[in-house]
Amino acid sequence: MTIELRHHTELTPGARQDLLDVYEDVRAPLLHLANYRVEAFAERLDRHVTEPGFGLVLGYDGEAPVGYAYGNTIDAGDRYWKRMAEPLPDGYTDTPVLAIKEIGVRTPWRGTGTARRIHDELLAHRTEDRVTLMVNPLAGDGKVQALYESWGYQPVNSQQPSPDSPRLTAMIRAR
């Protein structure tokens with residue numbers, strides 16, 4: 001299985017639609033929840049693309065989009081850090097960090113290394129020393145968090161980004 005990885009620093013209409021299509025498929029079991037609705041995700045995506053350091057990697061099998069990862073740069077003043085449940089150590093947010101906002105891979109490509117390849121491609125084009133992401137600790141009965149731990153991420157805190165979202169575990173690692 002050959003997956004072509006396409007890197008974007010701007011969100012073209014075609015890339016946006018491909019990302020929304022994959023998101024809808026990946027999150028299908030959760031779309032009835034307000035925070036996971038496609039419209040809610042599209043609103044977050046449109047905000048994220050305007051934030052500093054936006055980067056997206058889309059994976060394609062032929063012309064079919066199969067997965068994605070995207071994020072942007074956050075600094076000490078970003079609300080990402082301000083919403084943490086527990087205070088962070090002094091200096092923890094002094095240097096810019098890549099915040100991965102979403103990773104998703106359609107079911108037929110899960111377990112093939114596609115998510116890791118997309119993730120690694122996103123990181124390969126970054127200058128930040130660290131990368132962070134949020135994970136629902138209940139996702140996949142804990143398997144998603146365990147996967148991120150196998151990629152080198154360590155839990156550091158938690159937050160509830162919005163009233164409609166679950167409490168998420170904040171994880172971080174060196175790039």
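Observations on the model:
- Check on Leu56, on the phi < 0 side of the Ramachandran plot, in contact with a helix residue (DSSP H, G or I) (Cβ under 9 Å, 6 or more places away or on another chain) and not in a helix (DSSP H, G or I): yes
- Lone qualifier among Thr114, Thr107, Thr132 - being over 20 Å from Gly59 (Cβ atoms) and of a type in the set (Ser, Thr, Tyr): Thr132
- Considering segment 90-106, and only residues there that are in contact (Cβ under 8 Å) with a residue 40 or more places away in the chain and over 14 Å from the mean Cα position of the chain (by Cα), the residue that is most open to solvent (accessible area, probe 1.4 Å) turns out to be Pro96.
- Unique residue being open to solvent by less than 60 Å² (accessible area, probe 1.4 Å), out of contact with any Ser or Thr (no Cβ under 8 Å at 6 or more places or on another chain) and farther than 17 Å from Leu133 by Cβ when the list is Gly62, Gly71: Gly62
- Residue within segment 110-118 that is over 13 Å from the mean Cα position of the chain (by Cα), among the charged types (D, E, K, R) and at pLDDT 95 or above present: yes
- In summary, Val26 fulfils each of the numbered conditions (1) surrounded by 14 or more Cβ atoms within 10 Å (Cβ to Cβ); (2) farther than 28 Å from Thr2 by Cα; (3) touching a Ser or Thr at 6+ places or on another chain (Cβ under 9 Å) with the single exception of condition (2).
- Which numbered condition Glu10 misses (of (1) in a loop (DSSP other than H, G, I, E, B); (2) open to solvent by less than 70 Å² (accessible area, probe 1.4 Å)): (2)
- Asp21 vs. criteria open to solvent by 70 Å² or more (accessible area, probe 1.4 Å), out of contact with any Ser or Thr (no Cβ under 7 Å at 6 or more places or on another chain) and modelled with pLDDT of 95 or more: no
- Trp81 being touching a residue at least 40 places away in the same chain (Cβ under 8 Å), closer than 26 Å to Asn35 by Cα and of a type in the set (Phe, Trp, Tyr): no
- Of the criteria (1) under 15 Å from Arg106 (Cβ atoms); (2) open to solvent by less than 60 Å² (accessible area, probe 1.4 Å); (3) more than 16 Å from the chain's Cα centre (by Cα); (4) not charged (D, E, K, R), which one Ala85 fails: (1)
- Test: residue in segment 156-167 that is over 16 Å from the mean Cα position of the chain (by Cα), buried (at least 16 other Cβ atoms within 10 Å of the Cβ) and of a type outside the set (Ser, Thr, Tyr): yes
- Check on Ala170, more than 19 Å from Phe41 (Cβ to Cβ), small (Gly, Ala, Ser) and surrounded by 16 or more Cβ atoms within 10 Å (Cβ to Cβ): yes
- Thr114 vs. criteria farther than 11 Å from Arg173 by Cα, hydroxyl-bearing (Ser, Thr, Tyr) and crowded, with 19+ Cβ neighbours inside 10 Å: yes
The values are calculated or read from the model by the stated rules, or taken from the named source; none is laboratory data. This structure is a prediction, so every number in the text was calculated from the model and none was measured. Note that we place each Cβ from the backbone using ideal geometry, even for glycine, and neighbour counts take in every protein chain shown. Areas reflect the complete protein model, heavy atoms only, side chains present, ligands, DNA and RNA absent. Shrake-Rupley method; radii C 1.70, N 1.55, O 1.52, S 1.80 Å.
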